[in-house]
Amino acid sequence: MIDIFATSGNSIGAQMESLAARVKLRRLELNLSQAGLAKRADLPLPTYRLFEQTGKISLHGLLQIAFALNCLQDFDELFSQRQFATLDEVLDNKDIKRKYGRKQ
């Protein structure tokens, strides 16, 4: 079966597992147990354990974990507006017309 979500050699599943591993490392750096972090994040322990094992969690749960780890500000960069390095990049981008979704 072809993974239609594969991007740059990384599947969504691999990204989820990588994120969970980074959260686990951060938790261990702070000397927190799974139960301790789950309590701080106001999540049920089984939900947090499942996240560490599989990377699966709701966006709300992930934001709660980020808040508990004092990493909530890291989400500010996600899907942020493109920053231009040169005036030429700005001028090249100016001619691109905005595309609107089609009604279906």
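Since every read-out is calculated from the coordinates, none of them should be taken as a lab result. Quick caveat, the model's predicted, so the values are computed rather than measured. Please note: Cβ atoms are built from the backbone with ideal geometry, for glycine as well, and neighbour counts cover all protein chains shown.
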Over region 12-94, what relative contact order in percent results from Cα pairs under 8 Å that are six or more residues apart? 28 percent
Can you compute the charge dipole magnitude of region 12-94 about its Cα centre, using +1 on each Lys and Arg Cβ and -1 on each Asp and Glu Cβ, nothing else charged? Give it in debye, rounded to the nearest 20. 520 debye
Ranked highest first by average number of other Cβ atoms within 10 Å, how do 30-37, 79-86 line up? 30-37, 79-86
Please report 57, 65, 12 as a ranked list, fewest other C-beta atoms within 10 angstrom at the top and most at the bottom. 12, 57, 65
